[in-house]
Amino acid sequence: MTYILVTGSSRGIGAAAQATLEARGVKVIGHRTEPGDVDRIAADFTNPLAAQMLWEGALERSGGEIAAVVNNAGLFSPSALDSSDIEWLDAWEETLRINLTASAQLSRFAVRHWQEQGTGGRLVHVASRAAYRGDSPAHWHYAAAKGGMVAMHKTIARAYASEGILSYAITPGFTDTSMAGDYLESRGGPGLLADIPLGRVATPEEIAKVIEFCALDAPPSMTGAVIDANGASFVR
């Protein structure tokens, strides 16, 4: 049995990734922030100890045989430039902790585990188009966190490829994790679509297929790659 840990698997991209991987016969160890779902391990990444608790719980459920970790959990919350100093700083630190630091912690635990076991493994990081293009004036922190995730991913790939520890990153653009009408209206409506040559935002299932590929099928020579999935709204 292949076990894969997927963070933020209770909704959106994470839930789609869990369904897609399970359709391939993978046993997904899911994660959510709040308790209440026995099938997913609860861990609130605003707590610095949460990532370790999640990792240890995942090891227990898998019998120590985790083949891949998908760092998907994230927070996308605005922080206005003219908010108070403490509000701005609190939002910055919370966003970086959830979007970057927790992913770094889990990646470190996984790399050390695979080194000890001598088995190798795969990391899949769900970053964002914002890592390269930037984001809105209210999302400095989000863009910085996702840019940091991509830099971390490339560093891991270069450092541990010889040990069979592979790293892949995905940079989605806007993804419709609700129903299209309310989702688009909340983010500018037709103006948002005008910036996407494909004419629509991505679906969670599309991003989940890329996650599946990276976690199971991508050749080792692709380690270090960043895969864009943004409808050509940003091309490099």
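The values are calculated or read from the model by the stated rules, or taken from the named source; none is laboratory data. What you are looking at is a predicted structure, and each value in this text was computed from that prediction instead of being measured. A quick note on method: Cβ atoms are made from the backbone with ideal geometry, for glycine too, and the neighbour counts reach across all protein chains shown. To get the accessible areas, we keep the full protein, side chains included, count just its heavy atoms, and leave off ligands, DNA and RNA. Shrake-Rupley method; radii C 1.70, N 1.55, O 1.52, S 1.80 Å.
List the trypsin sites (Lys or Arg not before Pro) in the stretch 1-102 that DSSP assigns to loop (not H, G, I, E or B) and whose Cβ has at most 13 other Cβ atoms within 10 Å. Which are they?
Working: sites: R11, R24, K27, R32, R40, R61, R97; in loops: R11, R24.
Passing sites in the stretch 1-102 are R11, R24.
Mind checking the angle between helix 12-23 and the chain's longest principal axis? C-alpha axes, 0 to 90 degrees, to the nearest 10.
40
Placing +1 on the Cβ of each Lys and Arg and -1 on the Cβ of each Asp and Glu in the chain, which of W55, L193, S233 has its Cα farthest towards the positive end of the resulting dipole?
S233
If the only charges are +1 at each Lys and Arg Cβ and -1 at each Asp and Glu Cβ, what is the size of the charge dipole of the chain around the Cα centre, to the nearest 20 debye? Could you put the intermediate results ahead of the total?
Values: 19 positive and 26 negative charges, 159 e Å.
Around 760 debye, computed over the chain.
Please arrange E87, E206, E116 by accessible surface area, largest first, computed with a 1.4 Å probe and ligands excluded. Don't skip to the answer; put the middle values down first.
On the way: E87 110, E206 75, E116 140 Å².
Result, largest first: E116, E87, E206.
So for F174, F109, what's the accessible-area order with a 1.4 Å probe, most first?
Details: F174 65, F109 40 Å².
If we order F174, F109 from most to least accessible, we get F174, F109.
So what does L216 come to for accessible area, using a 1.4 Å probe and Å² rounded to 10?
Counting only protein heavy atoms, the figure is 50 Å².
Under 18 Å Cα-Cα from K146, which aspartates and glutamates qualify once same-chain neighbours fewer than 8 residues away are excluded?
D90, E93, E94, D135, D228
When you take every Cα atom in the chain, what is the radius of gyration, and what is Dmax, the widest Cα pair distance, in Å?
17.2, 51
Rounding to the nearest 20 debye, state how big the charge dipole of the stretch 53-185 is about its Cα centre with +1 on each Lys and Arg Cβ and -1 on each Asp and Glu Cβ.
On the way: 10 positive and 15 negative charges, 154 e Å.
Charge dipole of the stretch 53-185: 740 debye, to the nearest 20.
Name the shape class, rounded, prolate or oblate, that the alpha-carbon gyration tensor gives for the stretch 89-149, where a ≥ b ≥ c are the square roots of its eigenvalues, rounded holds for a/c under 1.5, and otherwise prolate holds if a/b is larger than b/c and oblate otherwise. Before the final figure, lay out each step's value.
Details: a/c = 5.25, a/b = 2.16, b/c = 2.43.
Since a/c reaches 1.5 but b/c is at least a/b, the shape of the stretch 89-149 is classed as oblate.
Can you tally the net charge around R11? Count Lys and Arg as +1, Asp and Glu as -1, for every other residue whose Cβ sits under 14 Å from the Cβ of R11.
Taking every Cβ under 14 Å from that of R11, the sum is -3.
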